[in-house]
Amino acid sequence: MSQALPETIPTTLFAERADAVAAAARELSALGWTPATSSNFSMRVDADHAAITISGRDKGRLGRDDIMLVDMQGKAVGTDARPSAETELHTQVYRRWPQMNAVLHTHSRTQSVASRLFAKAGMVRLQGWELQKAITGYTTHESVLQIPVFPNTQHMPELVARVDAWLDAGKPLHAYLIDGHGIYTWGRDMAETRRHLEALEFLLGCELDLRRLSA
Ligand SMILES: [Zn+2]
């Protein structure tokens, strides 16, 4: 492994996080949600560092050596490897919420189509679905779950600013779509984050089916 670690991070801790990130990537890839090396995944290592996928690797074949360390500004630490172009979106989550420890970003067909369809409205408004309760803090299908759709850009500071603006307006945020691109979601651990991602994939698929069937 060409990853050198700061003295404060035990090798076993980084290895544990890297293995968890790689396992999640392989499993989500098997579902077809990470086409053509897209998507990126991370876990917090400590207050100042996260373990994140190295750019451009096949997510279906990911191992520990495909995960690298970054600081909370998204800069590589102890390696020449290049982190995902979207690393700043991951570290933004860790900076804003000290209790969040995992971030998953995928590009499934359902997420991609839904992001285009709902881009004009600027959000997907979910209500009446039992599975909304899979999102932490939602206890009833009657609640309204808003998933914003932000315009796509290759310039990450723009997206970071849109996420900040949404949060600074005091609106709850558990996930967001990027137009024509995919979804970001997060949680306190990998299991919660996986649950969020799976629920949102299912709910977006239901919304698309409803529109198809009621056309
Ligand atoms: Zn992406």
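The values are calculated or read from the model by the stated rules, or taken from the named source; none is laboratory data. A quick note: this is a predicted structure, and the numbers were derived from the prediction, not measured. Note: ideal-geometry Cβ built from the backbone for every residue, glycine included; neighbour counts use all protein chains shown.
Here are the numbers for the structure shown:
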| read-out | value |
| --- | --- |
| Inter-residue pairs, beta-carbon under 8 Å, first free of Cβ contacts under 8 Å to residues at least 24 places away in the same chain and in region 123-137, second among the acidic types (Asp, Glu) and assigned to a loop (DSSP other than H, G, I, E, B), 6+ apart | Gln127/Glu142; Gly128/Glu142 |
| Residue check for Glu158: modelled with pLDDT of 95 or more, surrounded by fewer than 14 Cβ atoms within 10 Å (Cβ to Cβ) and closer than 24 Å to Glu88 by Cα | yes |
| Failed item in (1) assigned to a helix (DSSP H, G or I); (2) on the phi < 0 side of the Ramachandran plot, with Ile9 passing the rest | (1) |
| Condition met for Ala51 (part of a strand (DSSP E or B), within 17 Å of the chain's Cα centre (by Cα) and more than 16 Å from the ligand (Cβ to nearest atom)) | yes |
| Selection count where residues are aliphatic (A, V, I, L, M), touching a Pro at 6+ places or on another chain (Cβ under 8 Å) and surrounded by 14 or more Cβ atoms within 10 Å (Cβ to Cβ), scope region 1-52 | 1 |
| Residue identified as within 23 Å of Gly56 (Cα to Cα), away from the ligand (no atom under 14 Å from the Cβ) and among the aromatic types (Phe, Trp, Tyr) among Trp129, Trp186, Trp166, Trp97 | Trp186 |
| Any hit, region 20-36, residues being within 20 Å of Arg188 (Cβ to Cβ), at pLDDT 95 or above and either β-branched (Val, Ile, Thr) or more than 17 Å from the chain's Cα centre (by Cα) (or both) | yes |
| Options Glu201, Glu192: the member that is charged (D, E, K, R), within 16 Å of the ligand (Cβ to nearest atom) and buried (at least 16 other Cβ atoms within 10 Å of the Cβ) | Glu201 |
| Qualifying position, being at pLDDT 95 or above and more than 14 Å from Ile135 (Cβ to Cβ), among Leu197, Leu210 | Leu210 |
| Residue ID - nearest to Thr37 (Cα to Cα), chosen from residues in region 72-94 that are more than 15 Å from the ligand (Cβ to nearest atom) and among the hydrophobic types (A, V, I, L, M, F, W, C) | Ala81 |
| Residue match in region 28-41 (condition: free of Cβ contacts under 8 Å to residues at least 24 places away in the same chain and either within 20 Å of Gln99 (Cα to Cα) or out of contact with any Gly (no Cβ under 6 Å at 6 or more places or on another chain) (or both)) | yes |
| Any hit, region 57-64, residues being in a strand (DSSP E or B) and small (Gly, Ala, Ser) | no |
| Which numbered condition Asp65 misses (of (1) of a type outside the set (A, V, I, L, M, F, W, C); (2) surrounded by 15 or more Cβ atoms within 10 Å (Cβ to Cβ); (3) more than 15 Å from the ligand (Cβ to nearest atom)) | (2) |
